[in-house]
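The values are calculated or read from the model by the stated rules, or taken from the named source; none is laboratory data. Predicted model only: the values in this text are computed from it and were never measured. We place every Cβ from the backbone using ideal geometry, glycine too, and count neighbours over all the protein chains shown.
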Amino acid sequence: MNTETEPAFFETNAAPGVVGQPLSRVDGRAKVTGQAKYSAEYNHLPGLAHAVFKTSDVAKGRITGFDASAAQRVPGVLAILTHQNLPQPAVSPNTPEGKKTIGMGVQMGFLPLTSDQIHYAAQPVAMVVADTLEHAQHAAALLRVQVAPEAPTASYQDAKAQRFDPSKGKGAGEGRGNAAAAFASAPIQLSGTYTHALNHHNPMEPGATTAHWEAPDRLLVYDTAQGMAWMQKSLSKMLGLPADQVRVITKYLGGGFGCKGSTWPHTILTVLAAKAVGRPVKLALTRPQMFTGMGHREDQEQTLRLGATKDGKLLALLHEKTSTTSPWDDYAETNAKIIGMLYQCPAFEAKLQLARANVMTSTYMRAPGEAPGSFALESAMDDLAYRVGVDPIQIRLLNHADKDPSTGKPWSSKSLKQCYQRGAELFGWSQRNAQNGQTRDGKLLVGWGMATASYPVHSGQGNARVRLYADGHAVAQAAATDLGTGTYTVMTQVAADALGLTPDKVRFELGDTVLPTTIISGGSMAAGTVSSSVYLAAQDAWQKLIKVAVMDAKSPLFRAKPADVEVVQGRLQLKATPGKGEDFAALMKRAGLDDVEGMATGRYGAGYESAQAALNAKSDDAGKDDAGQHSMHSFGAHFCEVKVDPELGTVRVTKWVSVIAGGRILNPKTARSQIMGGAIMGIGAALMEQTVRDQNLARYTNASLADYHIPVNADVPDMTVEFIDEHDPYINAMGVKGIGEVSIVGTAAAVGNAIFHATGRRLRSLPITPDKVLDALRQPA
Amino acid sequence: MQSDLFPDSDAPQPDDSSRRSFMKQAGGILGLALAPPLVAQAERLTAYSKTIEGATEVTLRVNGQARTLRIEPRVTLLDALREYLDLTGTKKGCDHGQCGACTVHVDGRRINSCLTLAVMQQGKEITTIEGLAQGEQLHPMQEAFIKHDGFQCGYCTPGQIMSGVACVKEGHAGTDAQAREWMSGNLCRCGAYANILAAVREVAQRG
């Protein structure tokens with residue numbers, strides 16, 4: 001199937017419908033009445049028991065024994081499970097082969113409770129299962145763990161950390177030209193080292209698993225999963241069961257931001273515990289355990305060297321990144337990608353270095369790579385603008401990439417210039433004082449900053465089913481998830497338009513592996529993939545009905561060629577003479593059909609454009625992003641005003657504008673919310689978010705929501721979000737790009753650039769807390 | 001602005017111990033005293049008297065109905081609602097009074113239900129998110145949250161709505177700045193704050 005033979009929404013639904021309208025969330029009523037059921041809320045299971053983790057106080061060492069005498073005396077205790085007695089998985093991720101077998105669903109190459117080894121602080125070392133939560137908590141508190149501690153390594157900042165290049169000498173893989181030589185001969189040379197604190201996703205709903213063995217070889221799991229198919233596969237591999245014997249349900253998901261994209265240890269351990277006690281078991285991570293249970297954005301340091309002409313045209317970019325990783329894995333965010341593609345620059349080189357420490361494996365967090373990478377690049381571009389003496393927007397226009405500099409391919413669509421222009425209008429950018437430190441509001445220093453945003457369209461594919469009933473109702477289905485992104489709502493809109501129905505006649509079902517398999521809700525892939533699948537499934541249903549019509553002697557379309565028939569608003573009619581046709585309901589009634597089903601595979605990104613890539617891509621795999629003829633990205637621009645108190649060092653964001661070009665926007669209401677949410681998370685990373693790891697003990701010192709600060713309502717200013725209307729025929733049948741991640745890219749730099757404008761001080765260490773601002777203000781500008 | 005942050009003498013006050021308002025009203029020391037895990041609290045309680053160990057019959061008035069349940073005295077109001085009464089609309093985000101997801105009304109005042117024990121709330125009127133609507137008729141705050149898209153994932157939403165209703169009733173939604181401050185004990189990681197503000201202000205202005 002390719003773009004020439006596959007129907008596209010642009011063609012079949014040219015007339016305005018409900019797609020693109022600001023529909024209120026269809027799951028809104030369930031969410032505001034408390035009826036929406038999240039994964040720790042399935043209390044109906046018979047004999048449901050509660051599990052609680054006992055975690056390690058030390059970051060490295062060996063378990064030498066347990067004293068469970070007091071814990072066992074707690075009434076209601078069903079089991080105290082440790083590495084000595086927990087049923088072990090059929091395949092564990094503890095070896096590279098095992099991890100490969102399990103697949104992309106498992107991020108961490110180590111499963112606790114499989115040996116006596118302690119590799120990171122707060123690693124689970126035992127599980128207590130009891131009849132009530134209180135009994136389990138109490139027994140876990142009484143359980144004594146004897147440990148032989150060893151000196152841990154805390155981070156890349158520790159001199160004894162083992163450092164290595166994960167690409168094994170091949171460099172980061174991306175590069176062009178002779179960057180070192182180009183930099184050395186560049187008239188303007190800028191160099192900066194940027195640090196990004198360790199961040200945690202901290203979705204409001206902690207990770208939770210409710211595991212129920214319906215039969216000795218059949219498992220039902222209610223879990224906090226962004227990726228249904230990934231979790232189903234990883235659990236089935238670890239348990240040695242066929243995938244169809246593992247059912248995962250996630251009807252409502254309380255945020256994720258990447259940390260719920262993987263199957264983390266608590267899920268499989270709860271499943272094994274349920275097996276051990278022969279009862280359904282529920283485990284919800286505590287908030288402190290959320291800091292050591294579902295990954296994080298790694299602490300990292302980037303050095304970016306930028307060479308340019310006297311006029312500000314880029315000549316060279318050299319990027320080096322060092323970050324902390326776990327004792328077993330080599331995951332690092334790919335910051336270099338955005339640095340290599342965002343601007344026209346003939347020479348580019350990237351190096352990556354990891355340092356092993358006693359921490360759990362880091363993972364994808366909203367725009368992994370693009371978010372911290374853009375902080376370095378967009379801060380450096382701001383420096384370049386000041387150095388050359390041009391406006392920050394002008395320096396970006398000067399270096400605008402008319403095609404993807406990292407691949408040489410044309411863009412599928414790129415409306416970045418419009419984003420700059422519209423953002424500047426909405427913000428009032430033309431009123432900006434070109435000089436730093438000149439604008440004041442009373443004693444406060446006022447600064448304006450902006451930055452570019454971009455996020456790639458990853459290649460993905462997935463299935464959907466549509467069932468249209470003769471009475472004019474319909475159900476659409478895909479095993480997608482809605483982590484607050486609006487999947488329930490936007491897919492209802494897509495199905496409604498594709499079927500010519502009003503949205504109140506359509507129900508979209510998701511969050512269950514018995515539904516058609518689709519892509520993870522992550523990597524900004526769900527909207528484009530699932531919407532295309534639903535749309536194409538509807539087309540499949542229409543094709544079935546067209547075949548019925550042309551064979552039905554009582555139909556006005558009898559003996560017409562199927563290719564000559566179109567469906568407009570639920571009416572089957574001849575393309576040439578639209579007056580000749582009939583409504584689907586009349587046809588189905590006459591044919592005795594109560595319902596008709598359509599099924600289709602929708603493709604997103606390079607897989608859509610390139611049939612070859614589509615054949616190679618796996619349904620649960622991101623596929624090859626570079627296989628198509630075009631480079632595909634969402635773009636945007638963020639504008640920020642800050643007010644800095646020069647006596648206290650506090651920074652308040654007081655105005656925000658984001659303009660995003662993300663292809664077709666399915667629902668501007670939910671999309672606006674998502675962009676604001678990404679920007680707010682970016683403001684958090686810029687100004688307050690950091691998980692602090694004690695450099696001696698390798699333990700987190702602030703693993704709570706009182707001490708890990710995320711933005712609160714009073715931190716958030718009036719925000720303006722707009723979208724650029726974009727028609728992209730290359731990315732999928734719907735013309736939809738993702739927007740969940742482009743929303744955060746560049747945001748920290750926009751804040752930092754505004755602080756630079758306010759104070760004349762460049763702050764390159766996130767988060768920019770008052771102590772850092774005061775320190776900088778004490779230095780000469 | 002400053003005066004907005006402190007209790008007025010006669011208006012009903014939030015009894016919540018959330019991050020911002022609690023710290024400002026009571027200072028950090030008391031906050032720390034409440035912070036230890038509830039298991040430890042229960043241990044302390046049992047040390048004083050053996051007689052309160054084990055499950056006893058407790059009657060709670062929830063959403064206008066008397067509900068009798070057998071629970072231990074160390075069971076928090078939040079866990080009593082979620083685990084024993086299957087009223088899972090009230091959410092557990094931190095269990096330590098830091099996020100506000102568990103906000104309910106007790107005798108008309110907003111409290112963090114994770115910071116109180118169920119046995120302490122006998123004889124009081126407890127209202128949860130499940131009790132806010134009148135049958136099919138949503139409370140104006142619920143309607144406003146849907147209209148303004150005051151949520152994404154929905155997990156903080158019941159707490160935000162309960163807090164929002166109380167915030168208006170307390171007279172703390174008179175200006176945008178005031179409402180932002182008095183809604184800051186309810187964290188939202190999806191970042192729906194501007195929409196939450198719009199919903200709370202609309203209900204406040206409607207009177």
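A few notes on this one:
- Residue check, residue A:306 modelled with pLDDT of 95 or more, within 21 Å of residue A:210 (Cβ to Cβ), outside the structural domain of residue A:400 (by TED's automatic domain parsing) and not in a loop (DSSP other than H, G, I, E, B): no
- Matching residues, the range A:517-530, being crowded, with 23+ Cβ neighbours inside 10 Å and either among the polar types (S, T, N, Q) or not in a helix (DSSP H, G or I) (or both): A:518, A:519, A:520, A:521, A:522, A:523, A:524, A:525, A:529
- Any hit, the range B:58-72, residues being facing chain A (nearest Cβ under 9 Å) and at pLDDT 95 or above: yes
- Test: residue in the range B:159-167 that is at positive phi and more than 7 Å from chain A (Cβ to nearest Cβ): no
- The C-beta contact set for the range A:38-66 (first residue within 12 Å of another protein chain (Cβ to nearest Cβ) and in a loop (DSSP other than H, G, I, E, B), second residue surrounded by fewer than 24 Cβ atoms within 10 Å (Cβ to Cβ) and of a type in the set (A, V, I, L, M), distance under 7 angstrom, 6+ apart or interchain) comprises A:39/A:208; A:40/A:208.
- Positions within the range A:39-81 being of a type in the set (A, V, I, L, M) and in contact with a Lys or Arg (Cβ under 9 Å, 6 or more places away or on another chain), in sequence order: A:40, A:45, A:48, A:49, A:51, A:58, A:59, A:68, A:70, A:71, A:78, A:80
- Of all residues making up the range A:316-353, the number that are within 22 Å of the chain's Cα centre (by Cα) and within 30 Å of residue A:402 (Cα to Cα): 12
- Scope the range B:170-207; condition in contact (Cβ under 8 Å) with a residue 24 or more places away in the chain and of a type in the set (Phe, Trp, Tyr); matching residues: B:182
- Residues of the range B:172-198 that turn out to be farther than 15 Å from residue A:255 by Cβ, within 18 Å of the chain's Cα centre (by Cα) and either more than 7 Å from chain A (Cβ to nearest Cβ) or at pLDDT below 95 (or both), as a count: 5
- Residue within the range B:130-140 that is more than 9 Å from chain A (Cβ to nearest Cβ), of a type in the set (A, V, I, L, M) and in a loop (DSSP other than H, G, I, E, B) present: no
- Comparison of A:596, A:548, A:534 shows that the only residue that is touching a Lys or Arg at 6+ places or on another chain (Cβ under 8 Å) and either under 14 Å from residue A:476 (Cβ atoms) or part of a helix (DSSP H, G or I) (or both) is A:596.
- Pair list, Cβ < 7 Å and 6+ apart or interchain, from the range A:703-723 residues that are more than 9 Å from chain B (Cβ to nearest Cβ) to residues that are of a type in the set (Lys, Arg): A:721/A:672; A:722/A:422
- Scanning the range A:9-31 for residues that are in a helix (DSSP H, G or I), more than 9 Å from every other protein chain (Cβ to nearest Cβ) and hydrophobic (A, V, I, L, M, F, W, C) turns up A:9, A:10.
- Those strands (runs of 3 or more DSSP E) of the range A:159-234 in which at least 2 residues are surrounded by 14 or more Cβ atoms within 10 Å (Cβ to Cβ), considering only elements entirely within it, cover A:188-196, A:208-215, A:218-223.
A quick yes/no check of all residues on (1) in contact with a His (Cβ under 8 Å, 6 or more places away or on another chain); (2) more than 14 Å from chain B (Cβ to nearest Cβ); (3) of a type outside the set (Lys, Arg):
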residue: A:197; (1), (2), (3): no, yes, yes
residue: A:207; (1), (2), (3): yes, no, yes
residue: A:214; (1), (2), (3): no, yes, yes
residue: A:231; (1), (2), (3): no, yes, yes
residue: A:237; (1), (2), (3): no, yes, no
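- Residue A:386 meets all of the listed conditions (1) farther than 30 Å from residue A:60 by Cα; (2) crowded, with 24+ Cβ neighbours inside 10 Å; (3) not hydrophobic (A, V, I, L, M, F, W, C) but one, namely (2).
- Those residues of the range A:722-767 which are under 30 Å from residue A:12 (Cβ atoms), touching a strand residue (DSSP E or B) at 6+ places or on another chain (Cβ under 7 Å) and surrounded by fewer than 24 Cβ atoms within 10 Å (Cβ to Cβ), in sequence order: A:722, A:723, A:724, A:726, A:735
- Residue A:34 surrounded by fewer than 20 Cβ atoms within 10 Å (Cβ to Cβ), in contact with a Pro (Cβ under 9 Å, 6 or more places away or on another chain), assigned to a loop (DSSP other than H, G, I, E, B) and on the phi > 0 side of the Ramachandran plot: no
- Among the helices (runs of 4 or more DSSP H) confined to the range A:313-403, the ones with at least 3 residues that are assigned by TED's automatic domain parsing to the domain that holds residue A:693 and either touching a residue at least 24 places away in the same chain (Cβ under 8 Å) or more than 20 Å from residue A:745 (Cα to Cα) (or both) are located at A:370-388, A:392-398.
- Among all residues of the range B:15-32, there is at least one that is at pLDDT 50 or above and surrounded by 14 or more Cβ atoms within 10 Å (Cβ to Cβ).
- All told, residue A:604 meets the bar of being in contact with a Ser or Thr (Cβ under 8 Å, 6 or more places away or on another chain) and either surrounded by 14 or more Cβ atoms within 10 Å (Cβ to Cβ) or without any contact (Cβ under 8 Å) to a residue 24 or more places away in the chain (or both).
- One residue alone among A:498, A:479 is of a type in the set (Gly, Ala, Ser) and more than 23 Å from residue A:668 (Cβ to Cβ), and that residue is A:479.
- Among the conditions (1) facing chain A (nearest Cβ under 8 Å); (2) part of a loop (DSSP other than H, G, I, E, B); (3) crowded, with 20+ Cβ neighbours inside 10 Å, the only one that residue B:83 does not satisfy is (2).
- In the range A:304-333, residue nearest to residue A:692 (Cα to Cα) [restricted to those that are out of contact with any Leu (no Cβ under 8 Å at 6 or more places or on another chain) and not charged (D, E, K, R)]: A:326
- A count restricted to the range A:545-593 and to residues that are of a type in the set (D, E, K, R), surrounded by fewer than 15 Cβ atoms within 10 Å (Cβ to Cβ) and within 26 Å of residue A:463 (Cβ to Cβ) stands at 1.
- Some residue of the range A:95-112 being closer than 30 Å to residue B:53 by Cβ, at pLDDT 95 or above and not aliphatic (A, V, I, L, M): no
- One residue stands out among those in the range A:679-702 that are assigned to a loop (DSSP other than H, G, I, E, B) and over 30 Å from residue A:450 (Cα atoms): the one that is nearest to the other protein chains (Cβ to nearest Cβ), which is A:702.
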